[in-house]
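Engineer: Got a structure for you, questions after.
The values are calculated or read from the model by the stated rules, or taken from the named source; none is laboratory data. This structure is a prediction, so every number in the text was calculated from the model and none was measured. For neighbour counting, all protein chains shown are included, and Cβ atoms are generated from backbone atoms with ideal geometry for every residue, glycine included.
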Amino acid sequence: MASMNARLQTAEHVLFRILIDRYGAKPRSVRYEQDKCLLDVVAEKDLRKIDPKEFEDAANEIISRNLEVKKYFLPRKEAEKVVDLSLVPENINKIRIVEIIGFDKEACAGNHVDNTREIGRMKIMNVEKKEKILIEFTLF
């Protein structure tokens, strides 16, 4: 089985894409702990007013599709045409792309699974507001 870190990182891509596409969220930061992930986002909607099960069900539906996860490098000039590089330092010219085939494509240097079936199931543990919205999840 894939490491917890690879599973969490790939699950984070799934959840972020859902939050971006469905709720107008913008990712601010992500933090991984031993067995959970904390996402800081800014969103057009107050995500605390949405049942967390809605996020969880949407993510688990995508995860259950058994989507291939490809990792590859592109020169910066090519990568900037297909992914957002706003968080990637300017001096990095070889960009690692993580693509969940048919669902998401992002620049990312972290560990990831090869197929979404390796993630397991997501459980949203908490949605709260500090300066931004903080969403905490784990996998089982």
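Engineer: Under 7 Å by Cβ, and 6 or more places apart or on different chains, what pairs join a residue from the range 47-65 that is of a type in the set (S, T, N, Q) with one that is outside any helix (DSSP H, G or I)?
Structural biologist: From residues that are of a type in the set (S, T, N, Q), the pairs are Asn60/Arg121; Asn60/Met122.
Engineer: Let me ask you something else. What's the number of the only condition in (1) modelled with pLDDT under 95; (2) touching a Gly at 6+ places or on another chain (Cβ under 7 Å); (3) within 28 Å of Phe140 (Cβ to Cβ) that Glu44 fails to meet?
Structural biologist: It fails just one condition, (3).
Engineer: Quickly run through the range 69-109 and pick out the residues that are in a loop (DSSP other than H, G, I, E, B), among the hydrophobic types (A, V, I, L, M, F, W, C) and over 20 Å from Ile18 (Cβ atoms).
Structural biologist: Leu85, Val88, Ile92, Ala109
Engineer: Still on this structure: Determine, yes or no, whether Ala43 is in contact with a Phe, Trp or Tyr (Cβ under 7 Å, 6 or more places away or on another chain) and touching a residue at least 60 places away in the same chain (Cβ under 8 Å).
Structural biologist: yes
Engineer: Do the conditions hold for Lys105, that is, is it in contact with a strand residue (DSSP E or B) (Cβ under 9 Å, 6 or more places away or on another chain), surrounded by fewer than 17 Cβ atoms within 10 Å (Cβ to Cβ) and either at pLDDT below 90 or more than 18 Å from Arg31 (Cα to Cα) (or both)?
Structural biologist: No: the conditions fail for Lys105.
Engineer: The conditions are (1) on the phi > 0 side of the Ramachandran plot; (2) surrounded by 13 or more Cβ atoms within 10 Å (Cβ to Cβ), and Asn66 fails exactly one of them. Which is it?
Structural biologist: Here Asn66 meets the rest and fails (2).
Engineer: Within the bounds of the range 57-66, is there any residue that is acidic (Asp, Glu) and within 14 Å of the chain's Cα centre (by Cα)?
Structural biologist: There is no residue in the range 57-66 that is acidic (Asp, Glu) and within 14 Å of the chain's Cα centre (by Cα).
Engineer: Does at least one position in the range 26-40 carry a residue that is of a type outside the set (Gly, Ala, Ser) and more than 22 Å from Asn111 (Cβ to Cβ)?
Structural biologist: Yes, the range 26-40 contains at least one residue that is of a type outside the set (Gly, Ala, Ser) and more than 22 Å from Asn111 (Cβ to Cβ).
Engineer: Report, by residue number, each residue of the range 36-68 that is under 21 Å from Asn115 (Cβ atoms), outside any helix (DSSP H, G or I) and not basic (Lys, Arg).
Structural biologist: Hits for the range 36-68 are Cys37, Ser64, Asn66, Leu67, Glu68.
Engineer: Tell me which of these Val83 doesn't satisfy, since it passes every other one: (1) closer than 20 Å to Phe140 by Cβ; (2) without any contact (Cβ under 8 Å) to a residue 40 or more places away in the chain.
Structural biologist: All conditions are met except number (1).
Engineer: Only one of Glu33, Glu12, Glu44 is buried (at least 16 other Cβ atoms within 10 Å of the Cβ) and among the acidic types (Asp, Glu); which?
Structural biologist: Glu12
Engineer: Based on what the data block shows, is Lys129 farther than 17 Å from Met4 by Cα, at pLDDT below 95 and over 14 Å from the mean Cα position of the chain (by Cα)?
Structural biologist: Here the answer is yes, as Lys129 does meet what is asked.
Engineer: Is it true that Lys77 is farther than 22 Å from Lys129 by Cα, surrounded by fewer than 18 Cβ atoms within 10 Å (Cβ to Cβ) and free of Cβ contacts under 8 Å to residues at least 24 places away in the same chain?
Structural biologist: Here the answer is yes, as Lys77 does meet what is asked.
Engineer: Going through the range 84-95 one residue at a time, which ones are modelled with pLDDT of 95 or more and buried (at least 17 other Cβ atoms within 10 Å of the Cβ)?
Structural biologist: Result: Ile95, single match.
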